[in-house]
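S.K.: The structure that follows is given in the form of structure tokens.
Derivation of every value follows stated rules applied to the coordinates shown; laboratory data play no part. Please read these numbers as outputs of a predicted model, since none were measured by experiment. With ideal geometry, Cβ positions are generated from the backbone for all residues, glycine too; neighbour counts draw on all protein chains shown.
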């Protein structure tokens, strides 16, 4: 139960849901996506030629011509124009050419949900009611939605997906009994101060296998090799994301079970700071620590677990028993002052937890989650 004085905060999250259109509906969605892609590049061309990146001015230049040329609805034309403007806000040095077909959707105007079973989507052939394929995670997230925000329809391979952005209420912040320190690394993806260890052997094995295969296919250069490269594109990234989701979920469950806050190292700009041998740089630049941190951050924010950032300096070289600088030999740490010996990553995780107790700025880290305006409102 929420305390009476608690101010409810809301966070945004995106839920990816798969659609199950009929053969006829799939053709309609394909045609609509193709027209959206062509319209986006048409608007982008005008924006670049006229050097006009203002939403209102570009609307007057392109709205009527876009509707006549591509037959799109009013709301979709406006949304595509806004996407082009937002794209040029990031970079105005060259013309933007869109390669991924996306249908932007506004709830009520161009999309609505019929319970959690059907999505009614505006297309070139009118509204289409298409079944949704939802797992337990999607059902749970959508059932918690306080508000449905703008969403997108896109295609991956032969499958259609809806990326539905929702607002959900955060859990009230908990009063932790202790802090769980988490040391992030390459050999061991995460080591917790209570003893849990998540090894990175499988991730490294998959990365090295993909690297060897890509290198061989690229040197081959045949049509078959290029087809194989395209087919395996993104597999390593998806595997890494899946592993990071699994690990972050277990860390959150561990913290929740022990009523702990979570402490992480602030590893921003580590790639600029690190001085490594040439053979080590590849592993550093493929290290997805920021993604794991963002997954832990939004899951912690959603469940009311406090998240702390600490200075990473010498966490694996400082003795967690006496506080003196010791020596690290490979994966082992030893202290010449008090004789303490332990796994270096485990020792680092204890130091991270101790630093969070001394200096604990609560942070919300991830760009994937944004905090919405607080309201004194109890939902459900």
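S.K.: Any number yet on Rg/Rh for region 10-169, C-alpha, Kirkwood?
M.R.: 0.99
S.K.: Can you figure out the FRET efficiency of residue 334 with residue 254, using R₀ = 25 Å and their beta-carbon distance, to the nearest 0.05? Provide the component values of the computation, followed by the final result.
M.R.: Details: r = 28 Å, r/R0 = 1.11.
After rounding, the FRET efficiency stands at 0.35.
S.K.: Could you give the angle, 0 to 90 degrees to the nearest 10, between helix 344-358's Cα long axis and the longest principal axis of the Cα atoms of the chain?
M.R.: 80
S.K.: Before rounding to the nearest 500, sum -39500 (n - 2.57) across all DSSP H runs of length at least 4 in the chain and divide by the residue total; then give [θ] at 222 nm in deg cm²/dmol. Could you put the intermediate results ahead of the total?
M.R.: Working: 11 runs with 164 residues, N = 380.
Per the formula, -14000 deg cm²/dmol.
S.K.: Something else now. Given a cut-off of under 8 Å on Cα pairs at least six residues apart, what relative contact order in percent is computed for the chain? The partial results should precede the final answer.
M.R.: Working: 598 pairs, mean separation 76.2, N = 380.
Relative CO of the chain lands at 20 percent.
S.K.: Okay, moving on. DSSP beta bridges in the chain, what fraction antiparallel, as a percent rounded to 5?
M.R.: Approximately 85 percent, going by the DSSP bridge assignments.
S.K.: Next up: Measuring from centroid to centroid over Cα atoms, what is the spacing of region 84-118 and region 195-218 in Å?
M.R.: First find each Cα centre; the distance between them is then 34 Å.
S.K.: Once you order the gyration tensor axes a ≥ b ≥ c over the Cα atoms, which shape class does region 90-226 get: rounded for a/c under 1.5, otherwise prolate or oblate by comparing a/b with b/c? Working shown, then result.
M.R.: Numbers: a/c = 2.19, a/b = 1.13, b/c = 1.93.
Oblate is the answer for region 90-226, as a/c is 1.5 or above yet b/c matches or exceeds a/b.
S.K.: Could I ask something else about it? Compute the acute angle (0 to 90°) between the alpha-carbon long axis of helix 235-257 and the principal axis of greatest extent of the alpha-carbon atoms of the chain; round to the nearest 10°.
M.R.: 60
S.K.: Can you work out the FRET efficiency for the pair residue 16 and residue 129, with r the C-beta to C-beta distance and R0 = 35 Å, to the nearest 0.05?
M.R.: 0.95
S.K.: For an R0 of 22 angstrom, estimate the FRET efficiency from the Cβ-Cβ distance between residue 174 and residue 136 and round to the nearest 0.05.
M.R.: With R0 = 22 Å, the Cβ-Cβ based efficiency is 0.35.
S.K.: Just one of (1) 141; (2) 149; (3) 186 is volume of the Cα convex hull per residue in Å³ as worked out from the coordinates here. Which one is it?
M.R.: (3)
S.K.: Just to be sure I understand the model, the point goes 7 Å from the Cα along the line to the Cβ. What's the resulting residue 226 to residue 341 distance in nm?
M.R.: 5.8
S.K.: Enter the angle in degrees (range 0 to 90, nearest 10) between the Cα long axis of helix 55-70 and the first principal axis of the Cα atoms of the chain, meaning the one along which they spread out most.
M.R.: 60
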